[in-house]
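Report on one structure; see the data block that follows.
The values are calculated or read from the model by the stated rules, or taken from the named source; none is laboratory data. All of these numbers come straight from a predicted model, not from anything done at the bench. Ideal geometry is used to build each Cβ from the backbone, glycine not excepted, and the neighbour counts take in all protein chains shown. Areas reflect the complete protein model, heavy atoms only, side chains present, ligands, DNA and RNA absent. Shrake-Rupley method; radii C 1.70, N 1.55, O 1.52, S 1.80 Å.
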Amino acid sequence: MGILREDVIVISPAEKEEDSTVISVNCPDKTGLGCDLCRIILLFGLSIARGDFSTDGKWCYVVLWVVGKTNTRWDLLEKRLLEVCPSYFSTSGIDYYQPANQQPKPLDVFLLKFWCSCYRKGLLNDVTLVLFELELTIKKVKVSTTPDGKVMDLFFITDTRELLHTKERQGQTILHLKAALGDILESCEIESVGPEITACAQGTSFLPSAITEDMFSLELPARYPGGLLASNPISITVDNTLSPSHTLIQVLCQDHKGLIYDIMRTLKDYNIQVSYGRFFAKQNGGCEMDLFIVQADGKKIVDRNKQNALCSRLRMELWRPLRLAVVSRGPDTELLVANPVELSGRGRPLVFHDITLALKNLNTQIFSVEIGRHMIHDREWEVYRILLDEGDGYPVPRNKIEEGVRKILMGWE
């Protein structure tokens, strides 16, 4: 008993350029499914303009209206969405409240190492775009510039397709990099590495306390500074009167890239199930979301402390889904970007791609990069440390760098 494979994910392409593509998901339910679906859509560079979620506790139906890239590989998107859906052959034995944060099977890590004869504008962004299109996930990066201007890049990557151990897949990757980088690419190698090598490439584990206290705070300030909350206040309300069995969470806020993902990953980390949800993005940049939710025990949230804790975390995640600072590192300028890691171990998609794109647009060169994970305030963060090469010319003001990078990361460009 079950439904046909092709009925699990149905993608209806937009008839006009200004219309949305409709993605329908019809499969057995699991806690955190909405988060997993939204993460993949974010990974493919798409934005959700509208969404509806519903479940009866065993089976769920999700409809998402998405907009974005015209060159989206819809067949590949369908395949990746299908992979996170529970088995579609039978609903027997489904545990509605199965653990949502089980660690996925770790993929083998490979070292992509290449030398370039010189640095050129957008080099790292070109590399990240190639890796993204090949479904190679960047785990860590070490970028160094030698005194004579040559660039050595070390990318620790995993392969979604699990084929990078083959000569054919390695050759395909090197060929795409040569096409993107041209004559400046001097050499390129791919090899499998063990966990001890990956750990050694982590870079410094030290983050200045002055940065961690402010940048990674989990508390909203007593008075919101200028910015998102000042111009577009975030409203999150809890209502237990409209449904006898569910708690209603209503969210009003400004839209940003990955908004639904940020909400869904927070609920997933709290092991909260969405029984029904509705999302709508307005033309003026605002959005509305109604979520009927239950706890892991299947009951509504009546404890006031639990309600306040959940609302506080949601406000923080919507106000600062990513943490960003431009600071001094000795005589140099360093850009720091951090995003929380899901309890399942997954980081936020496309962060490094967006950082390199923003710096490319700002005509700001990158001298070195470190990507690592840090436990701060009992929470794991993925931290990007980018040392900027300001050269001999007039450097871009730090506030302009922060503003430009934030706009790309939040989708406000």
Under 16 Å between alpha carbons, and skipping anything fewer than 8 positions from LYS306 in its own chain: which aspartates and glutamates qualify? GLU219, ASP239, ASP269, ASP297
Tell me, Kirkwood radius of segment 223-343 from alpha-carbon pair distances, in Å? 15.8
Quantify, in whole percent, the carbon and sulfur part of the accessible surface of the chain (1.4 Å probe; protein heavy atoms only). 51
How high is the relative contact order of the chain, given as a whole-number percent (alpha carbon pairs under 8 Å, six or more residues apart)? 17
In square angstrom, rounded to the nearest 10, how much accessible surface does HIS176 have for a 1.4 Å probe? 80
For the peptides 272-282, 54-64, what is the packing order when you average, over each peptide's residues, the other Cβ atoms within 10 Å and list the highest mean first? 272-282, 54-64
Just report the Cα centroid separation between segment 1-65 and segment 317-335, whole Å. 34
Check the straight Cα-Cα distances from LYS139 and name the aspartates and glutamates below 13 Å, setting aside those fewer than 8 residues away within the same chain. ASP108, ASP159, GLU370, GLU382
Along the three principal axes, how long is the chain when you take its alpha carbons, biggest first, rounded to the nearest angstrom? 70, 53, 46
Of the listed pairs LYS142/LYS360; LYS16/LYS300; LYS142/LYS257; LYS69/LYS121; LYS282/LYS407, those with alpha carbons more than 30 Å apart are LYS16/LYS300
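Would you kindly calculate the mean projected area, averaged across all directions, of the convex hull enclosing the Cα atoms of segment 301-413, in square nanometres?
Value for segment 301-413: 8.6 nm².
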Determine, from the Cβ-Cβ distance of LEU154 and TYR394 and an R0 of 30 Å, the FRET efficiency 1/(1 + (r/R0)^6), rounded to the nearest 0.05. 0.45
Largest-first semi-axes in Å of the equivalent ellipsoid built from the Cα gyration tensor of segment 333-397 are 27, 12, 8
The Rg/Rh figure for segment 22-83, Cα atoms and Kirkwood Rh, to two decimals is 0.95
